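Asker: Below you will find the structure I want to go over with you.
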Amino acid sequence: MDITSVSKLSKNITENVGKVIFGKRDQIELIVISLIAGGHVLLDDIPGTGKTTLARALAKSISGDVKRIQFTPDLLPSDITGINFFDQKTSDFVFRAGPVFTNILIADEINRTTPRTQSALLECMGERQTTIDGVTYKLADTFFVIATQNPIESQGTFPLPEAQTDRFFMKLALGYPDRDYEMAMLDVHGAQTPLDSLTPVCTCADIVAAQNACKSVTVTEAVKDYILRIVDATRNNNRISMGVSPRGTLALLNAARIAAAVDGRDYCIPDDVRRVAVPVLAHRIIARTQSTVRMSDTNEKLIEFVLDSVEAPIGR
């Protein structure tokens, strides 16, 4: 697969998911970038905005398996990864695979379960494998987690620790649709269920091929220096108490490379970096809480401030 094919593949997936999720092309395309990059996505949004539907539409679009976990306080790590149980018929232990053995995993309301259970996903997300009773099992090459959480509820929740949050490639929010798109949604959903009629536009093997093709995208020293100056600015900002980690630096480079390929180019430009910087970096910083900090300083706005303060190189 070449770069032109990667761009076409991304466009086809984005348009296909767009038949179900109306008016969110930018967010869908960022999720596709995360999928091709081999990352995972945290959707931080209010209920009813289509988070789970989007994940199912994506799975259908790539002809992949999808499994869903409803996270609750009594969920156990073995409910996620799997368990060895004793089969009385064979008088032996048998491995029962958990829902992580799939292509796309919907981790619904991930902040409603305990940290112990949340951490069961760490190895899966970071290394695409899980270890159960000393035995390591490989996960699918296209293992992709879309986790959701509700930002307006705090009762009965367990906020994700920084180590878990940093495992997510991007953090996004769908938000409310525009009036025209919501009207179109009423017309379409009143007559049928678009998700039921959705057909695949590619296979999981195509996603792996796209991942390999994107490795050939050129990133010049000037663009790499731009990325490092952005990251360094988050670490030396009096409004930020914890800057971007080295994992975040690599994620920004990878995301910019995929963004270039999605745009049909085999080289990366500063605009690619700026396009993905907020969803890749905002959840990887911690803002200072002193009273001198503006109350309107969200992580997203802080990253935007950093981008405005760092001069971009000219050209490539």
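Asker: Against the condition in a helix (DSSP H, G or I) and out of contact with any Pro (no Cβ under 8 Å at 6 or more places or on another chain), how does THR53 come out, does it pass? Before the answer, list the steps.
Answerer: Details: in a helix (DSSP H, G or I): yes; out of contact with any Pro (no Cβ under 8 Å at 6 or more places or on another chain): yes.
When the stated conditions are applied, THR53 passes them.
Asker: Sticking with this structure for a sec: Just for region 1-60: of the residues that are touching a Cys at 6+ places or on another chain (Cβ under 8 Å) and under 17 Å from LEU198 (Cα atoms), which one is surrounded by the fewest Cβ atoms within 10 Å (Cβ to Cβ)?
Answerer: Out of the qualifying residues, it is ASN12.
Asker: With respect to VAL41, determine if the residue is in contact with a Phe, Trp or Tyr (Cβ under 8 Å, 6 or more places away or on another chain), touching a residue at least 12 places away in the same chain (Cβ under 8 Å), aliphatic (A, V, I, L, M) and over 30 Å from SER216 (Cβ atoms).
Answerer: Numbers: in contact with a Phe, Trp or Tyr (Cβ under 8 Å, 6 or more places away or on another chain): yes; touching a residue at least 12 places away in the same chain (Cβ under 8 Å): yes; aliphatic (A, V, I, L, M): yes; over 30 Å from SER216 (Cβ atoms): no.
Against the criterion (in contact with a Phe, Trp or Tyr (Cβ under 8 Å, 6 or more places away or on another chain), touching a residue at least 12 places away in the same chain (Cβ under 8 Å), aliphatic (A, V, I, L, M) and over 30 Å from SER216 (Cβ atoms)), VAL41 does not qualify.
Asker: Being surrounded by 14 or more Cβ atoms within 10 Å (Cβ to Cβ), out of contact with any Lys or Arg (no Cβ under 7 Å at 6 or more places or on another chain) and not charged (D, E, K, R) is the filter here; which residues of region 189-219 pass it?
Answerer: Step one: of region 189-219, the residues surrounded by 14 or more Cβ atoms within 10 Å (Cβ to Cβ) are 194-195, 198, 200-202, 204, 206-211, 213-214, 217, 219.
The next check asks that each one be out of contact with any Lys or Arg (no Cβ under 7 Å at 6 or more places or on another chain); those that pass are 201-202, 204, 206-211, 213.
Within region 189-219, VAL201, CYS202, CYS204, ILE207, VAL208, ALA209, ALA210, GLN211, ALA213 meet the criteria.
Asker: Which of the following residues is closer than 20 Å to MET125 by Cβ, surrounded by 15 or more Cβ atoms within 10 Å (Cβ to Cβ) and free of Cβ contacts under 8 Å to residues at least 60 places away in the same chain: ILE269, ILE258, ILE285? If you could, list the steps in order and put the result at the bottom.
Answerer: Values: ILE269 fails: closer than 20 Å to MET125 by Cβ; ILE258 fails: free of Cβ contacts under 8 Å to residues at least 60 places away in the same chain.
From the options ILE269, ILE258, ILE285, the qualifying one is ILE285.
Rule-based calculations on the coordinates, nothing more; no lab input. All values reported here derive from a predicted model rather than from experimental measurement. We place every Cβ from the backbone using ideal geometry, glycine too, and count neighbours over all the protein chains shown.
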